[in-house]
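Structure first, then comments.
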Amino acid sequence: MEVSIQVNGKEYSRDVPPMMMLAEFLREELSLTGTHIGCDTVSCGACTVLVDGKAVKSCSILAAQVNGQAVKTIEGMAENGNLHPIQEAFKEHHGLQCGFCTPGMVMTAADILSNNPNPSESEIRHGLEGNFCRCTGYHNIVKSIQHAAQSLK
Amino acid sequence: MANQYIGQPVKRREDNRFLTGKGKYTDDLKLPGMTYAAFARSPYAHARIVAIDTSEAVRSPGVIAVYTGNDECGQFSVPCGWQVDFKNGETMKEPPHPLLAVGKVLHVGEDVAIVIADSLQQARDAAELVNVEYEELPVVTNARDAIKEGAPLVHEDAPRNMVYDWEIGNPKEEVDNAMASAHHITRLDFMNQRLAPNAIEPRCYIADYDVNADKYTLYTSTQNPHLIRLLMCAFALGIPEHKVRVVSHDVGGGFGSKIYHYTEEALLTWASKKIGRPIKWTSDRSEAFLTDAHGRDNCTLAEMGFDKEGNIVALRVKNEANLGAYLSTFSTCVPTYLHGTLAQGCYKTPLINIDVTAVFTNTNPVDAYRGAGRPEMTYILEHLMDTAALEMNMDPAELRFKNFIPPFDGVNQPGYQTQVALQYDSGNYHGTLRRALEMVGYEDFRRQQAEARKSGKLLGIGLSTYIEGCGIAPSAVVGSLGARAGLYEVGQVRVQPTGKVSVYTGAHSHGQGHETAFAQFVADKLGIPIEDVEIHHGDTEQVAFGMGTYGSRSLAVGGSAIVKSIEKIVDKGAKIAAHKLEAAAGDLEFKDGKYTVKGTEKSISFADVALTAYVPHDYPEGLEPGLDFSSFYDPANFTYPFGAHICVVEVDPDTGKIEIKRFVACDDVGNVINPMIVDGQIHGGVVQGIGQALLEGVSYNDDGQMITGSYMDYAMPRADDVPFIETDRTVTPCPHNPLGVKGAGEAGAIGATPALVNAVMDAISTHGVKRLQMPLTPERVWRALKN
Amino acid sequence: MIPAPFEYKKARTIDEAIGWLNEYGYDAKLLAGGYSLIPAMKLRLNRPGLLIDISALPGMNSIREEGEALTIGANCTHADIMRSDLVGKLFPALAKAASVIGDVQVRNRGTIGGSLAHADPASDYPAVVLAGEASVEVRGINGSRSIDAEEFFQGIYTTALSDNEIITAVKFRKSPNSIYLKFHQSASRFAVVGCAAVMKGNEIRIGITGVSDTPYRARGVESNYDGSDNAAKYAVEGVDVLGDHFASEEYRSHLARVFVSRAINALQEL
């Protein structure tokens, strides 16, 4: 079936099978491999992207379901070669180690901060409950988001 | 040489690619003509394969090939890398681990058939059509059950399912006698439960055979590409190493689970030649739970004897280690040489006996998982210490201070010879505990706790002071202990003609930040900007050789190999510089990136020396051109990081739920190259340790079905389960490696678990609770409080 | 992971969706957020031949005050509900329940209609639906009807919906004095016990989820309520309590009593 999806500001039309998930569409059709698949069943959050500005887990959304909508992936966060303040904060505060959960963390952080520009530590932790990280113990991820909140003001 | 970078929190150079979605994980690769594999796996824990019918799968659309254990690949087997013999000298039982099940399946999830198709969808659909007739056999999943007479046999030639029995330490009789005359004995009988490692990146392999070159390439999410190549070529498939390239770009976490040579790696490599096309397989999470080597799973009976004053007089441990259905690559050394040898802990214990029986069961293989053997032993020692303190009505900190080995730096004082074979390099256990007590405000807390108890609040504090053996390790030592490979590391430093430096290391980074930390010391040692240094790893055709990354060894062993090469470069550079400066090499000093004739202004920069080495028009006679050295570094000893972790908890008496109020860690990992990275390693390790204490545990039912095979059932720490981790460190350099570093990767996971469990036990000790089994689920805590 | 092959259709009107449901029968499944259905399909535990996407159906995503009722369109997401000022004012327990479902991403995607139709016995809404004496508004081939909350939930993944019906809205009784408390399962974060309590004058209504294979009104608590938390002891009276790997029957029963008691006490402090 024909789908037309705006990804990182650019429109893509593709003929895809109904079974194709958004994550697969991004990775296989558009070669945007920054969106990762960790569990493939909405538990780990590595596949998180923004659809119409909201964080969602792309592993279990059909590409067809987002037909006509706007998707933002990790590849669309930096602009003109400048890291987004959230990306910058993750780098500055060592909010990543192996990097696999990182795109999902950054996209989730974007959602958290867009709804709540001044999150408390506990609001950030609650906001990250859909994203597993096995490397950082979340410590520096939470710190990164706290600092990103400051710099986004 | 002035250190501009060493010791600084230099921001990671690898981060930009990860943060912008440009990491290169194996699953991100797509090769022309690539096919996809899916597996038919055993639904039974133990069964005879009566018949396999693949005809329907073969006919399914897009299917290129279907193989089973009846094909040639069934004759190949992945090896175990470490031989541990029985006490009586007999060789351990080492049944073959075929690439696909032959005749029998021994655990749920075992590979029975591989289906290769043009698309993943086609492969998956066809894998469902592989029709296998099974005859179920009796199942055993628990180590203690497995060694009972009459238990179902996993392998017919391993009586009582024993892989080996093994002991270390002082003669049993001496330990028994000391125990018999002890004033007090603290005894623990528990399970160190099985854990699923759960790197967030699932395992992924792409095998690509090039018929014209008769050459294989395996892209794999591994922690040690060279070791995979060695094991696969020399042991599994019998193919020549120079015809095999193993590539491991970015890897999304390992924690041990990606050290091992898995059957799927060899099988895909074999099959890619058969079908003449590249094949990709990416594990899904269910497969990861069922087949990524698990960790821990020991049944432990541990006893510690004390005299009247609280001095330890003896330690006796009896362990049954569950190794699963097959021997994974390093499985056999985990409950023995990585476990029994750490039984001295930080204490002067005069008599120690550790007795281990390793067994087969109808479960997924068990191998090293972050800490590997050392968390298990630390849990024994540290849980014994806090439990003993409660039982003897002593303060747990005091009890430790009383029993600590006195400080020794390994230079002015000799290393400490333990009762269990190892000699510690350097240590100051008083120092880390003192600092951790200060950080947590121990005495204040005890007052606060006494107040809280009056109002029925269950506050507790738990201590853990660990030591670990890292930087694995001297080849002669590990060889004598049964390792079937050397455990040195390789570091090549290639100075380019313009003075820029390419470094090739056999260590592998899957989150540890080698590209940054290694570049820091290389830049300092050569006196050049860090931007002039590039670190390469993860490709057997780029890096001469290597043993990979595990056991907190990268910097201590891999870093040291690089330092050796740098020394050779500096020496050779001195000859070139001497020629150019018309001075004697001995009169030169290498500092801040240039050679200077001592006491003069005459100097030549490192870059000019490099250029001269590659454009040797005016050059020392007899000296080879070029500036490129490779070194193998085989350390003199393991390294022994140590530390003190303290946890404060509050238990909800109504629900049994535990809240971690504070977690304090003071670690000593020797010298620190990048404190930001070291802290990060500690945070992550601590939270994995917390996971074991509170949440995680793989469970099989009596039929050998895993009942915790998804994230809906296997609980791992999420961001709101844990607090910030408060860290600090002391520095006791390693005396035997050039960087003085000890390793930080596993420390957190080793120290944290007992600290947390001890805190909970302290909190509920007022209710007379004596023992609790991990994970400390709310229900377990509630039940203990109720009884 | 890939589901078994299926067909996908996006419905433009409710009638179109109902028509397809009627035509395809059991082989068709409605697709709302999809976060329960699609993972199950990937694990091949569920193999519908047709997915009918109802996300674009008109008139199903409003939150309205209607006399004594608070009406939530079936396509409202958990995030919509938890952030709605109207819900916060008229039924805080509902907002709270929505805020502890899954995680940020799940709340952005999952809908109240989808959740209720799925009828996971450990999901959060049923407790609130029961305590809020809601009616589930549905439309099918034979027209519209209202299903009372207590009649709606019939067992594990089982409801009073027939194969060709669609939930269009949920109508709650306004319950400004209300609370939802949850004890979550440590892995899935579904409710081991979820307790919604609504207080009106000296009456209390309690809905409980997670404890049994069907969520229920804790009538024993309600009828014995004496202004204190004494009645919490009736939390599982006459109920077939679940026991599993995460919570035995005994522990779950205990937690139910604890959470009912906490809910009562919390409401009294409000």
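The values are calculated or read from the model by the stated rules, or taken from the named source; none is laboratory data. Because the structure is predicted, anything quoted here is derived from the model rather than measured. All Cβ positions, even for glycine, are placed from backbone atoms using ideal geometry, and neighbour counts span all protein chains on display. Each accessible area value is taken on the protein alone, full model and side chains, heavy atoms only, with ligands, DNA and RNA left out. Shrake-Rupley method; radii C 1.70, N 1.55, O 1.52, S 1.80 Å.
List the helices (runs of 4 or more DSSP H) that sit entirely inside the stretch C:71-183 and contain at least 3 residues that are under 13 Å from the mean Cα position of the chain (by Cα). Walk me through how you get there before you give the answer.
On the way: elements: C:78-83, C:85-90, C:92-99, C:104-109, C:112-118, C:125-131, C:149-152.
Once the helices (runs of 4 or more DSSP H) in the stretch C:71-183 are filtered for at least 3 residues that are under 13 Å from the mean Cα position of the chain (by Cα), what remains is C:92-99, C:112-118, C:125-131, C:149-152.
Working only within the stretch B:771-787, note down all residues that are open to solvent by 20 Å² or more (accessible area, probe 1.4 Å), part of a loop (DSSP other than H, G, I, E, B) and at the interface with chain C (Cβ under 10 Å from one of its Cβ atoms).
Our first condition is that a residue be open to solvent by 20 Å² or more (accessible area, probe 1.4 Å); within the stretch B:771-787, this holds for B:771-773, B:777-780, B:783, B:785-787.
Next, from what is left, pick out any that are part of a loop (DSSP other than H, G, I, E, B): B:771-773, B:777, B:787.
Matches in the stretch B:771-787: B:Thr777 only.
List the number of the failed condition for B:Gln193; all other conditions in (1) open to solvent by 10 Å² or more (accessible area, probe 1.4 Å); (2) assigned to a strand (DSSP E or B); (3) away from every other protein chain (no Cβ under 14 Å) hold.
All conditions are met except number (3).
Out of the stretch B:710-761, which residues are among the hydroxyl-bearing types (Ser, Thr, Tyr), over 17 Å from B:Ala693 (Cβ atoms) and either part of a loop (DSSP other than H, G, I, E, B) or more than 14 Å from chain A (Cβ to nearest Cβ) (or both)?
B:Ser710, B:Tyr711, B:Thr730, B:Thr732
Looking at the stretch A:59-104, which of its residues are crowded, with 24+ Cβ neighbours inside 10 Å, within 30 Å of C:Leu30 (Cβ to Cβ) and under 9 Å from the mean Cα position of the chain (by Cα)?
Passing the criteria: A:Thr73, A:Gly104.
Just checking, how many residues over the stretch C:76-132 are within 14 Å of another protein chain (Cβ to nearest Cβ), of a type in the set (A, V, I, L, M) and farther than 28 Å from A:Gln69 by Cβ?
1
Out of B:Tyr134, B:Tyr209, B:Tyr219, report the one residue that is closer than 30 Å to B:Gly506 by Cβ, part of a strand (DSSP E or B), in contact with a Lys or Arg (Cβ under 8 Å, 6 or more places away or on another chain) and in contact (Cβ under 8 Å) with a residue 40 or more places away in the chain.
B:Tyr209
Which condition from (1) among the aliphatic types (A, V, I, L, M); (2) outside any strand (DSSP E or B); (3) closer than 30 Å to B:Ser699 by Cα is the one that B:Met304 breaks?
Only one criterion is unmet by B:Met304, namely (2).
Counting residues that are more than 14 Å from every other protein chain (Cβ to nearest Cβ) and either at pLDDT 95 or above or open to solvent by less than 10 Å² (accessible area, probe 1.4 Å) (or both), which strands (runs of 3 or more DSSP E) fully inside the stretch B:12-96 reach at least 3?
Ranges flagged: B:47-53, B:63-68.
Conditions first: (1) touching a His at 6+ places or on another chain (Cβ under 7 Å); (2) under 28 Å from B:Tyr260 (Cα atoms); (3) open to solvent by 20 Å² or more (accessible area, probe 1.4 Å). B:Leu137 passes all but one, so which condition is the exception?
Condition (2) is where B:Leu137 drops out.
How about the stretch C:38-48: which of its residues are at pLDDT 95 or above and more than 15 Å from A:Met20 (Cα to Cα)?
Correct list: C:Pro48 only.
Suppose the filter is within 14 Å of chain A (Cβ to nearest Cβ), over 12 Å from the mean Cα position of the chain (by Cα), part of a loop (DSSP other than H, G, I, E, B) and of a type in the set (Gly, Ala, Ser); does C:Gly59 pass it?
The answer is no for C:Gly59.
Of everything in the stretch B:477-512, what is more than 14 Å from chain A (Cβ to nearest Cβ), of a type outside the set (Phe, Trp, Tyr) and within 13 Å of B:Met547 (Cα to Cα)? Give them in sequence order.
Listed by number, the residues that qualify are B:Ala483, B:Arg484, B:Ala485, B:Gly486, B:Leu487, B:Glu489, B:Val490, B:Gly491, B:Thr505, B:Gly506, B:Ala507.
Can you work out which of the residues in the stretch A:18-40 that are surrounded by 24 or more Cβ atoms within 10 Å (Cβ to Cβ) and not in a helix (DSSP H, G or I) is nearest to the other protein chains (Cβ to nearest Cβ)?
Filtering the stretch A:18-40 for residues that are surrounded by 24 or more Cβ atoms within 10 Å (Cβ to Cβ) and not in a helix (DSSP H, G or I), the one nearest to the other protein chains (Cβ to nearest Cβ) comes out as A:Gly34.
Out of all the residues in the stretch B:498-521, is one or more β-branched (Val, Ile, Thr), farther than 21 Å from B:Gly743 by Cβ and open to solvent by 10 Å² or more (accessible area, probe 1.4 Å)?
Scanning the stretch B:498-521, I find at least one residue that is β-branched (Val, Ile, Thr), farther than 21 Å from B:Gly743 by Cβ and open to solvent by 10 Å² or more (accessible area, probe 1.4 Å), so the answer is yes.
Are any residues in the stretch C:242-265 farther than 24 Å from C:Ser178 by Cβ and not aromatic (Phe, Trp, Tyr), and if so, which ones?
C:Leu242, C:Gly243, C:Asp244, C:His245, C:Ala247, C:Ser248, C:Glu249, C:Glu250
Tell me, yes or no, whether the stretch B:381-394 has at least one residue that is assigned to a loop (DSSP other than H, G, I, E, B), open to solvent by 10 Å² or more (accessible area, probe 1.4 Å) and among the acidic types (Asp, Glu).
Within the stretch B:381-394, not a single residue is assigned to a loop (DSSP other than H, G, I, E, B), open to solvent by 10 Å² or more (accessible area, probe 1.4 Å) and among the acidic types (Asp, Glu).
Restricted to the stretch A:110-153, and to residues that are touching a Gly at 6+ places or on another chain (Cβ under 9 Å) and within 10 Å of chain C (Cβ to nearest Cβ), which residue is most open to solvent (accessible area, probe 1.4 Å)?
A:Asn115
Which fully enclosed strands (runs of 3 or more DSSP E) of the stretch A:46-106 have 2 or more residues being more than 9 Å from every other protein chain (Cβ to nearest Cβ)?
A:48-51, A:70-72
Consider the stretch A:7-17. How many of its residues are within 13 Å of another protein chain (Cβ to nearest Cβ) and in a loop (DSSP other than H, G, I, E, B)?
Total satisfying the criteria: 3.
Considering only the stretch B:590-636, give the strands (runs of 3 or more DSSP E) lying wholly within it that have at least 2 residues that are out of contact with any helix residue (DSSP H, G or I) (no Cβ under 7 Å at 6 or more places or on another chain).
Fully inside the stretch B:590-636 and qualifying: B:603-605.
Scan the stretch C:177-197 and give yes if some residue there is closer than 14 Å to C:Asp240 by Cα, away from chain B (no Cβ under 13 Å) and surrounded by 22 or more Cβ atoms within 10 Å (Cβ to Cβ), otherwise no.
no
Which residues, taken from the stretch B:457-488, are of a type in the set (D, E, K, R) and at pLDDT 90 or above?
B:Lys457, B:Glu468
From the list C:Gly243, C:Gly238, pick out the single residue that is in contact with a helix residue (DSSP H, G or I) (Cβ under 8 Å, 6 or more places away or on another chain), within 14 Å of chain B (Cβ to nearest Cβ), surrounded by fewer than 18 Cβ atoms within 10 Å (Cβ to Cβ) and not basic (Lys, Arg).
C:Gly243 is the lone residue from the list that is in contact with a helix residue (DSSP H, G or I) (Cβ under 8 Å, 6 or more places away or on another chain), within 14 Å of chain B (Cβ to nearest Cβ), surrounded by fewer than 18 Cβ atoms within 10 Å (Cβ to Cβ) and not basic (Lys, Arg).
Considering each residue of the stretch B:279-311, count those that are of a type outside the set (Lys, Arg), more than 29 Å from the chain's Cα centre (by Cα) and open to solvent by 10 Å² or more (accessible area, probe 1.4 Å), and give that number.
3
When you check C:Tyr35 against the structure, is it among the hydroxyl-bearing types (Ser, Thr, Tyr) and within 14 Å of chain A (Cβ to nearest Cβ), yes or no?
Judged against the criteria, C:Tyr35 is a match.
Does C:Asn164 count as at pLDDT below 95 and open to solvent by 10 Å² or more (accessible area, probe 1.4 Å)?
When the stated conditions are applied, C:Asn164 passes them.
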